[in-house]
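Read through the structure below, which is laid out as structure tokens, and then see the notes.
The values are calculated or read from the model by the stated rules, or taken from the named source; none is laboratory data. On a predicted model such as this, the values are computed, not experimentally measured, just so you know. Here the Cβ positions follow ideal geometry from the backbone for every residue, glycine too, while neighbour counts run over all protein chains shown. Ligands, DNA and RNA are excluded from the accessible area calculation, which covers all protein heavy atoms including side chains. Shrake-Rupley method; radii C 1.70, N 1.55, O 1.52, S 1.80 Å.
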Amino acid sequence: MELKLEHVTKEFNRFKAVSGISYTMHNGVYGLLGVNGAGKTTTMRMLCTLLKPSEGKITYDGRDIFEMDGEYRKILGYLPQDFGYYPDFTVQDYLMYIASIKGLPSAVARKQVRELLEKVGLIKAKNKKMKKLSGGMKRRVGIAQAMLNDPCILILDEPTAGLDPNERIRFRNLISELSEDRIVLLSTHIVSDVEYIANEILLMRNGEFAHSGTVYELVSSIPEKVWNVRVGKAEADGYLKRYRCTNVKTLPEGVELRILSEQMPNPYAVEEEVTLEDVFLYYFGEKAGEENGIL
């Protein structure tokens, strides 16, 4: 199984939302990580054939996905940032309705809906109206509808938006379970959503794939070290101007800073392990002294 982007570009009125990206995916979980406006949603909409590239091509097992047309969409599951639903439908009725649109026979649909409701933890809420669901429950229904046709390719756009920490953990566990024997691509700007479940991570910036690799490879890619530094409140501003800080924590006795720097910021700084969040802020965050950074 191979999903391949080859020099894909998408322009809107001369603005390049996506610029010449190339990448090949096989079975596993891929995390598309970047700030809002990086081009993640445009990329995903092209992978779902909702937008056609201005240049380049996307292929599945060597075949152009736009030429495959309906044959490709039969193996595709998609959860957009905002999916539509009829508010007065029950969860079960909504999923049966989507199953009919996807062309599933009635008996197959009923079996699949029940299994998916159990998998996403909504079997007890199957007769609840969609408008009565919490944000987290609606996202789980969204994942279920994307899985109805047992897709080979599952594309999830900002799937944890609005979820609380417990819902986010449940979601990560669910995606890990669903990733067997299929390609799962999920986009997010929340680092923890992909840090523990993605086989590979793509960092997207200004419509391009800036870097990609495993968490270990990305963590190893930055030349700077991470330091924990405690300073007085009066000194903190000077450090913020001189160094790239990934975290600032106010304490009763001063300020604790998490600093990215090749050199030790002061003799009392303690070196810490680099995390994916440090990598994200290294590539996408403010540089020392900047007043208006990306984040």
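Of the set (1) more than 15 Å from Leu79 (Cα to Cα); (2) modelled with pLDDT of 90 or more, all apply to Leu95 but (1).
Looking for whichever is touching an Asp or Glu at 6+ places or on another chain (Cβ under 8 Å) and of a type in the set (Phe, Trp, Tyr) here; the options are Tyr216, Tyr196, Tyr282, Tyr239. Which one fits?
Exactly one of Tyr216, Tyr196, Tyr282, Tyr239 is touching an Asp or Glu at 6+ places or on another chain (Cβ under 8 Å) and of a type in the set (Phe, Trp, Tyr), namely Tyr282.
The rows are residues; the columns are (1) closer than 13 Å to Ile155 by Cβ; (2) within 19 Å of the chain's Cα centre (by Cα).
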{"site": "Glu11", "(1), (2)": "no, no"}
{"site": "Gly39", "(1), (2)": "no, yes"}
{"site": "Thr59", "(1), (2)": "no, no"}
{"site": "Gly77", "(1), (2)": "yes, yes"}
{"site": "Asp82", "(1), (2)": "no, yes"}
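Taken over the stretch 249-259, residues that are assigned to a strand (DSSP E or B) and either among the polar types (S, T, N, Q) or more than 30 Å from the chain's Cα centre (by Cα) (or both) amount to 4. So, of the residues in the stretch 260-274 that are in contact with a helix residue (DSSP H, G or I) (Cβ under 7 Å, 6 or more places away or on another chain) and either closer than 30 Å to Asn199 by Cβ or assigned to a helix (DSSP H, G or I) (or both), which turns out to be most open to solvent (accessible area, probe 1.4 Å)? If we take residues in the stretch 260-274 being in contact with a helix residue (DSSP H, G or I) (Cβ under 7 Å, 6 or more places away or on another chain) and either closer than 30 Å to Asn199 by Cβ or assigned to a helix (DSSP H, G or I) (or both), then Val274 is most open to solvent (accessible area, probe 1.4 Å).
A quick yes/no check of all residues on (1) in contact with a Cys (Cβ under 6 Å, 6 or more places away or on another chain); (2) at pLDDT below 90; (3) farther than 19 Å from Tyr282 by Cα; (4) charged (D, E, K, R):
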| residue | (1), (2), (3), (4) |
| --- | --- |
| Gly162 | no, yes, yes, no |
| Asn173 | no, yes, yes, no |
| Glu180 | no, yes, yes, yes |
| Asp193 | no, yes, no, yes |
| Leu202 | no, no, no, no |
| Leu240 | no, yes, no, no |
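With respect to the stated conditions, Asp278 is at pLDDT 85 or above, among the acidic types (Asp, Glu) and open to solvent by less than 50 Å² (accessible area, probe 1.4 Å).
Quick check, is Val8 touching a helix residue (DSSP H, G or I) at 6+ places or on another chain (Cβ under 6 Å), modelled with pLDDT of 90 or more, open to solvent by less than 70 Å² (accessible area, probe 1.4 Å) and assigned to a strand (DSSP E or B)?
On the way: touching a helix residue (DSSP H, G or I) at 6+ places or on another chain (Cβ under 6 Å): no; modelled with pLDDT of 90 or more: yes; open to solvent by less than 70 Å² (accessible area, probe 1.4 Å): yes; assigned to a strand (DSSP E or B): yes.
The answer is no for Val8.
Of the strands (runs of 3 or more DSSP E) lying entirely inside the stretch 148-248, those containing at least 2 residues that are open to solvent by 30 Å² or more (accessible area, probe 1.4 Å), among the hydrophobic types (A, V, I, L, M, F, W, C) and touching a residue at least 40 places away in the same chain (Cβ under 8 Å) are 208-213. Scanning the stretch 130-147 for residues that are within 16 Å of the chain's Cα centre (by Cα) and open to solvent by 10 Å² or more (accessible area, probe 1.4 Å) turns up Arg139, Arg140.
From Tyr216, Tyr243, grab the single residue that is within 30 Å of Gly20 (Cβ to Cβ) and among the aromatic types (Phe, Trp, Tyr).
Working: Tyr243 fails: within 30 Å of Gly20 (Cβ to Cβ).
Checking each option against the conditions leaves just Tyr216.
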